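Visitor: Got a structure here, written out as C-alpha coordinates. Questions coming.
The values are calculated or read from the model by the stated rules, or taken from the named source; none is laboratory data. Bear in mind the structure is a predicted one, so any value in this text is a computation, not a measurement. Cβ placement follows ideal geometry from the backbone for every residue including glycine, while neighbour counts extend to all protein chains displayed.
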Amino acid sequence: MSIDYYSYEPAQGHGLPHDPFNAIVAPRPIGWISSQSEAGILNLAPYSFFNAFNYKPPLIGFSSQGYKDSVANIERTGEFVWNLATRELAEEMNASSAMVGPEVDEFALAGLEPAPSTLVKVPRVARAQVAFECRLSQIVRLKTAAGDDLDQWLVLGEVVAAHIDKRLLKDGIYQTAAARPIVRGGGPADYFEITEAALFRMRRPD
(Lines give C-alpha, C1' and ligand atoms only; values in the text may rest on other atoms or scores of the structure.)
Protein backbone atom coordinates (compact mmCIF):
# COMPACT_ATOMS: atom_id res chain seq x y z
CA MET A 1 0.00 0.00 0.00
CA SER A 2 1.43 3.37 -0.98
CA ILE A 3 1.27 6.31 1.44
CA ASP A 4 0.06 9.73 0.34
CA TYR A 5 2.21 12.02 2.54
CA TYR A 6 1.42 15.54 3.68
CA SER A 7 4.86 17.14 3.67
CA TYR A 8 6.09 20.53 4.86
CA GLU A 9 9.19 22.39 6.00
CA PRO A 10 8.70 23.71 9.55
CA ALA A 11 10.61 26.92 8.77
CA GLN A 12 8.00 27.69 6.10
CA GLY A 13 5.00 26.84 8.31
CA HIS A 14 2.93 23.67 8.52
CA GLY A 15 -0.20 25.01 6.83
CA LEU A 16 -2.50 23.15 9.21
CA PRO A 17 -5.02 24.40 11.81
CA HIS A 18 -2.68 23.31 14.61
CA ASP A 19 1.04 22.45 14.60
CA PRO A 20 1.19 18.62 14.42
CA PHE A 21 4.68 18.34 15.95
CA ASN A 22 3.51 17.91 19.55
CA ALA A 23 0.83 15.43 18.49
CA ILE A 24 3.33 13.32 16.54
CA VAL A 25 5.99 13.22 19.27
CA ALA A 26 3.42 11.89 21.71
CA PRO A 27 2.31 10.87 24.15
CA ARG A 28 4.94 12.52 26.31
CA PRO A 29 5.46 12.06 30.05
CA ILE A 30 4.78 15.13 32.14
CA GLY A 31 7.46 16.88 34.12
CA TRP A 32 5.47 18.11 37.11
CA ILE A 33 8.23 20.09 38.73
CA SER A 34 8.28 21.62 42.18
CA SER A 35 10.92 24.20 43.02
CA GLN A 36 11.50 26.91 45.58
CA SER A 37 12.84 30.42 45.39
CA GLU A 38 15.67 31.63 47.58
CA ALA A 39 13.03 33.48 49.60
CA GLY A 40 11.15 30.21 50.19
CA ILE A 41 8.23 30.78 47.80
CA LEU A 42 7.07 27.45 46.40
CA ASN A 43 6.57 26.87 42.69
CA LEU A 44 4.83 23.97 40.96
CA ALA A 45 4.48 23.67 37.19
CA PRO A 46 3.97 20.94 34.55
CA TYR A 47 6.22 20.62 31.49
CA SER A 48 5.33 18.41 28.54
CA PHE A 49 8.90 18.29 27.24
CA PHE A 50 10.20 15.87 29.87
CA ASN A 51 11.96 12.53 30.02
CA ALA A 52 14.64 10.31 31.59
CA PHE A 53 18.13 10.48 30.12
CA ASN A 54 20.41 8.14 32.08
CA TYR A 55 20.27 5.09 34.37
CA LYS A 56 23.32 5.38 36.64
CA PRO A 57 23.18 7.91 38.02
CA PRO A 58 19.52 8.46 37.13
CA LEU A 59 19.12 11.74 35.24
CA ILE A 60 15.85 13.37 34.29
CA GLY A 61 15.19 16.63 32.51
CA PHE A 62 12.60 19.06 31.25
CA SER A 63 12.65 21.85 28.71
CA SER A 64 11.05 25.22 29.42
CA GLN A 65 9.88 27.60 26.73
CA GLY A 66 11.14 30.81 28.25
CA TYR A 67 13.28 31.38 31.33
CA LYS A 68 10.39 30.72 33.72
CA ASP A 69 10.23 30.66 37.51
CA SER A 70 11.07 26.95 37.65
CA VAL A 71 14.31 27.46 35.73
CA ALA A 72 15.27 30.54 37.76
CA ASN A 73 14.57 28.80 41.07
CA ILE A 74 16.51 25.67 40.11
CA GLU A 75 19.49 27.61 38.80
CA ARG A 76 19.71 29.59 42.06
CA THR A 77 19.05 26.77 44.53
CA GLY A 78 20.35 23.75 42.62
CA GLU A 79 17.34 21.60 43.55
CA PHE A 80 13.94 20.45 42.32
CA VAL A 81 11.46 17.59 42.65
CA TRP A 82 9.61 15.69 39.96
CA ASN A 83 6.09 14.56 40.92
CA LEU A 84 4.15 11.87 39.05
CA ALA A 85 1.04 13.30 37.37
CA THR A 86 -1.83 10.81 37.55
CA ARG A 87 -5.50 10.77 36.56
CA GLU A 88 -6.48 11.43 40.16
CA LEU A 89 -4.38 14.60 40.20
CA ALA A 90 -5.05 15.74 36.61
CA GLU A 91 -7.18 18.75 37.55
CA GLU A 92 -4.69 19.92 40.16
CA MET A 93 -1.83 19.46 37.72
CA ASN A 94 -3.69 21.55 35.16
CA ALA A 95 -4.45 24.25 37.75
CA SER A 96 -0.75 24.51 38.56
CA SER A 97 -0.04 25.43 34.92
CA ALA A 98 -1.70 28.85 35.32
CA MET A 99 0.44 31.78 34.18
CA VAL A 100 0.92 33.64 37.47
CA GLY A 101 3.62 35.79 39.01
CA PRO A 102 6.64 34.42 40.92
CA GLU A 103 5.05 35.50 44.20
CA VAL A 104 2.22 32.96 43.77
CA ASP A 105 2.50 29.57 45.46
CA GLU A 106 1.06 27.07 42.94
CA PHE A 107 0.70 24.41 45.63
CA ALA A 108 -1.86 26.66 47.32
CA LEU A 109 -3.32 27.73 43.98
CA ALA A 110 -4.01 24.12 43.02
CA GLY A 111 -5.21 23.13 46.51
CA LEU A 112 -2.28 20.77 47.11
CA GLU A 113 -0.38 20.05 50.29
CA PRO A 114 3.42 19.98 50.15
CA ALA A 115 5.31 17.16 51.84
CA PRO A 116 8.90 17.54 53.05
CA SER A 117 11.65 15.92 51.03
CA THR A 118 14.52 14.02 52.63
CA LEU A 119 17.66 15.27 50.87
CA VAL A 120 16.58 18.55 49.24
CA LYS A 121 14.78 21.56 50.66
CA VAL A 122 12.17 21.62 47.90
CA PRO A 123 8.95 19.86 48.97
CA ARG A 124 7.07 17.28 46.91
CA VAL A 125 3.34 16.96 46.25
CA ALA A 126 1.98 15.03 49.22
CA ARG A 127 -0.61 13.15 47.15
CA ALA A 128 1.77 12.20 44.36
CA GLN A 129 2.35 8.44 44.39
CA VAL A 130 5.89 8.83 43.07
CA ALA A 131 8.39 11.65 43.49
CA PHE A 132 12.06 12.11 42.61
CA GLU A 133 14.21 14.52 44.59
CA CYS A 134 16.80 16.01 42.26
CA ARG A 135 19.96 18.07 42.37
CA LEU A 136 20.77 20.21 39.36
CA SER A 137 23.18 18.64 36.90
CA GLN A 138 23.17 21.30 34.17
CA ILE A 139 21.08 23.91 32.41
CA VAL A 140 21.47 24.11 28.66
CA ARG A 141 20.19 26.93 26.49
CA LEU A 142 18.99 25.32 23.27
CA LYS A 143 20.13 26.50 19.85
CA THR A 144 18.97 26.21 16.26
CA ALA A 145 20.92 24.20 13.69
CA ALA A 146 22.46 27.53 12.62
CA GLY A 147 23.73 28.13 16.16
CA ASP A 148 21.23 30.83 17.13
CA ASP A 149 20.18 30.93 20.79
CA LEU A 150 16.58 30.03 21.57
CA ASP A 151 14.55 31.13 24.56
CA GLN A 152 14.29 27.45 25.46
CA TRP A 153 16.04 25.99 28.50
CA LEU A 154 16.83 22.33 29.14
CA VAL A 155 17.17 21.54 32.84
CA LEU A 156 18.82 18.25 33.81
CA GLY A 157 18.93 16.88 37.32
CA GLU A 158 20.30 13.84 39.14
CA VAL A 159 17.77 11.85 41.14
CA VAL A 160 19.18 11.63 44.67
CA ALA A 161 16.08 10.22 46.41
CA ALA A 162 12.98 8.42 45.16
CA HIS A 163 9.62 7.94 46.88
CA ILE A 164 7.23 5.24 45.60
CA ASP A 165 3.79 4.34 46.95
CA LYS A 166 4.27 0.72 48.08
CA ARG A 167 0.92 -0.20 46.51
CA LEU A 168 2.56 0.30 43.11
CA LEU A 169 5.10 -2.46 43.81
CA LYS A 170 4.13 -6.07 43.06
CA ASP A 171 6.75 -8.62 44.09
CA GLY A 172 9.21 -5.72 44.07
CA ILE A 173 8.38 -4.72 40.47
CA TYR A 174 6.96 -1.25 39.80
CA GLN A 175 3.58 -1.45 38.06
CA THR A 176 3.44 1.45 35.62
CA ALA A 177 -0.30 1.35 34.93
CA ALA A 178 -1.35 0.93 38.56
CA ALA A 179 -0.87 4.62 39.30
CA ARG A 180 -2.89 5.62 36.21
CA PRO A 181 -0.26 8.11 35.02
CA ILE A 182 -1.31 10.68 32.47
CA VAL A 183 0.73 11.75 29.45
CA ARG A 184 0.48 14.72 27.11
CA GLY A 185 -0.91 14.28 23.63
CA GLY A 186 -1.21 16.90 20.91
CA GLY A 187 -3.42 19.88 20.25
CA PRO A 188 -4.38 22.41 22.87
CA ALA A 189 -5.93 19.97 25.35
CA ASP A 190 -5.24 16.28 24.62
CA TYR A 191 -4.05 13.97 27.38
CA PHE A 192 -4.00 10.18 27.66
CA GLU A 193 -4.19 7.87 30.65
CA ILE A 194 -1.96 4.80 30.79
CA THR A 195 -4.04 1.76 31.75
CA GLU A 196 -3.46 -1.98 32.02
CA ALA A 197 -5.58 -2.47 28.87
CA ALA A 198 -2.89 -0.71 26.81
CA LEU A 199 -0.13 -3.08 27.95
CA PHE A 200 1.66 -5.46 25.62
CA ARG A 201 5.04 -7.11 26.10
CA MET A 202 7.91 -7.49 23.66
CA ARG A 203 11.41 -8.58 24.61
CA ARG A 204 14.52 -7.43 22.78
CA PRO A 205 16.24 -10.02 20.59
CA ASP A 206 19.19 -11.82 22.17
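Visitor: Given the condition buried (at least 17 other Cβ atoms within 10 Å of the Cβ) and either over 23 Å from Val120 (Cα atoms) or at pLDDT 95 or above (or both), answer yes or no: does some residue in the stretch 5-17 qualify?
Guide: For the stretch 5-17, residues buried (at least 17 other Cβ atoms within 10 Å of the Cβ) and either over 23 Å from Val120 (Cα atoms) or at pLDDT 95 or above (or both): absent.
Visitor: Next question. Determine whether Phe53 is assigned to a strand (DSSP E or B), of a type outside the set (S, T, N, Q) and surrounded by fewer than 13 Cβ atoms within 10 Å (Cβ to Cβ).
Guide: So Phe53 fits the description; yes.
Visitor: Return the pair list, or none, for Cβ contacts closer than 8 Å from residues in the stretch 3-14 that are in contact (Cβ under 8 Å) with a residue 24 or more places away in the chain to residues that are assigned to a helix (DSSP H, G or I), at least 6 apart or on different chains.
Guide: Listed pairs, sorted by first residue: none to list.
Visitor: Follow-up question, since we're still on this one. Here are some conditions: (1) in a loop (DSSP other than H, G, I, E, B); (2) under 13 Å from the mean Cα position of the chain (by Cα). Ser70 meets all but one. Which one does it not meet?
Guide: Among (1) in a loop (DSSP other than H, G, I, E, B); (2) under 13 Å from the mean Cα position of the chain (by Cα), the lone unmet condition for Ser70 is (1).
Visitor: To continue, here is another question. Under 8 Å between Cβ atoms, which residue pairs at least 6 apart in sequence (or on different chains) link something in the stretch 96-116 that is in contact (Cβ under 8 Å) with a residue 60 or more places away in the chain and surrounded by 15 or more Cβ atoms within 10 Å (Cβ to Cβ) with a partner that is of a type in the set (Lys, Arg) and part of a loop (DSSP other than H, G, I, E, B)?
Guide: Pairs that qualify, where the first residue is in contact (Cβ under 8 Å) with a residue 60 or more places away in the chain and surrounded by 15 or more Cβ atoms within 10 Å (Cβ to Cβ) and the partner is of a type in the set (Lys, Arg) and part of a loop (DSSP other than H, G, I, E, B), are Leu112/Arg127.
Visitor: Follow-up. Of the residues that make up the stretch 85-99, is at least one among the β-branched types (Val, Ile, Thr) and within 20 Å of Arg135 (Cβ to Cβ)?
Guide: For the stretch 85-99, residues among the β-branched types (Val, Ile, Thr) and within 20 Å of Arg135 (Cβ to Cβ): absent.
Visitor: Sticking with this one: If Val25 satisfies all but one of (1) within 16 Å of the chain's Cα centre (by Cα); (2) surrounded by 17 or more Cβ atoms within 10 Å (Cβ to Cβ); (3) β-branched (Val, Ile, Thr), what's the number of the condition it fails?
Guide: For Val25, the exception is condition (2).
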